[in-house]
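Colleague: Quick one: the structure is below, and I'll ask about it shortly.
The values are calculated or read from the model by the stated rules, or taken from the named source; none is laboratory data. Model, not experiment: these values are computed from the prediction. Quick reminder, even Gly has a Cβ in these numbers, built from the backbone with ideal geometry, and neighbours come from all protein chains shown.
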Amino acid sequence: MKRALKSAALAALAASVLAACSTYVTPRYSISADTNVALKSLGLSGVGVGAFSGPATFDNACRGAGPLSPPDGLSHTDYIKRALEDELKVAGAHAAGTPRVTLTGTVNKLEFSSSRGLTGGSWTIDLTLRLSNGASMAANEYYEFHSGFIADTACKQTAEAYFPAVQNLIGKVVKSAEFAALVR
C-alpha cells in the first residue's frame, strides 16, 4: 500500500512538471488594411525580400512556464521577414521572379516582458532594412499590452501580442517617407 501511494505521488508530480511546460504560439500574421492601402498608394512593383538576420541575443523563455514561438516553425526574425513579404505580395509590390530591388533586414533588438508593472507586458523590436543598392533605414516598435498575473495567462498573452507588435512595425516601415524613397 505504501509503495502504491509513493508511486502515485511520483506519477502525479511528474505529470504536473510536464504539464507546466507549454509552448506559447503567436498567431499567424495577417495583413493590415492600413498597411495595404499605404503600400498600394506607393505604386511599387518588383520588390524582393532577401535574408533577415536575428539579434545577437534573444531569450524566448517566458516566466519559466515555457518558450514563446511563432507558428509554422518560424523564428521570431523569420516571422518579421514573412510579414513584410506578405504585405508586399497582397499589395502587388512583391517580385516573384527577378526583383527590381531587394530588401534585407537585421533585427538588432528583440525583447519582451510579460511582467511590466506586474500585469502588463511589452515587446521591443528594432529593425534595420537595407536595399540592394546599400541604402538603409531603421524602424522600431515598442508595443504594450495587458499580460496578466498568472504565468500561463501572461505568457499566452505575450505570445499573442507579438503579432500586433510586428504588424505595427511593418506599418511604420511602409508608411514612412524613408521607405518610399528607399524602394523607388
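Colleague: What are the residues in the range 145-167 that are more than 12 Å from the chain's Cα centre (by Cα) and either surrounded by 15 or more Cβ atoms within 10 Å (Cβ to Cβ) or among the hydrophobic types (A, V, I, L, M, F, W, C) (or both), if any? Break it down into steps so the answer makes sense when it comes.
Modeller: From the range 145-167, those more than 12 Å from the chain's Cα centre (by Cα) are 145-157; that's our starting set.
Listed by number, the residues that qualify are Phe145, Ser147, Gly148, Phe149, Ile150, Ala151, Asp152, Thr153, Ala154, Cys155, Lys156, Gln157.
Colleague: Pull up the range 122-144, narrow it to residues that are under 18 Å from Val166 (Cβ atoms) and aliphatic (A, V, I, L, M), then point me to the one that is surrounded by the fewest Cβ atoms within 10 Å (Cβ to Cβ).
Modeller: By that ranking, first place goes to Ala138.
Colleague: Failed condition for Phe58, given (1) at pLDDT below 95; (2) in a loop (DSSP other than H, G, I, E, B), with all others met?
Modeller: Here Phe58 clears every test but (1).
Colleague: Follow-up question, since we're still on this one. Can you tell me which condition Ser53 does not meet? The list is (1) free of Cβ contacts under 8 Å to residues at least 40 places away in the same chain; (2) surrounded by fewer than 20 Cβ atoms within 10 Å (Cβ to Cβ); (3) under 15 Å from Ile125 (Cα atoms), and all the others hold.
Modeller: That leaves (1) as the condition not met.
Colleague: The conditions are (1) surrounded by 17 or more Cβ atoms within 10 Å (Cβ to Cβ); (2) in contact with a helix residue (DSSP H, G or I) (Cβ under 8 Å, 6 or more places away or on another chain), and Ala180 fails exactly one of them. Which is it?
Modeller: Only one criterion in (1) surrounded by 17 or more Cβ atoms within 10 Å (Cβ to Cβ); (2) in contact with a helix residue (DSSP H, G or I) (Cβ under 8 Å, 6 or more places away or on another chain) is unmet by Ala180, namely (1).
Colleague: I've got another one for you. Considering only residues of the range 56-107 that are hydrophobic (A, V, I, L, M, F, W, C) and over 28 Å from Val183 (Cβ atoms), which is surrounded by the fewest Cβ atoms within 10 Å (Cβ to Cβ)?
Modeller: Of all residues in the range 56-107, those hydrophobic (A, V, I, L, M, F, W, C) come to 56, 58, 61-62, 65, 68, 74, 80, 83-84, 88, 90-91, 93, 95-96, 101, 103, 107.
Going one step further and asking which of them are over 28 Å from Val183 (Cβ atoms), we end up with 61-62, 65, 68.
On the way: Ala61: 10, Cys62: 26, Ala65: 20, Leu68: 25.
The residue in question is Ala61.
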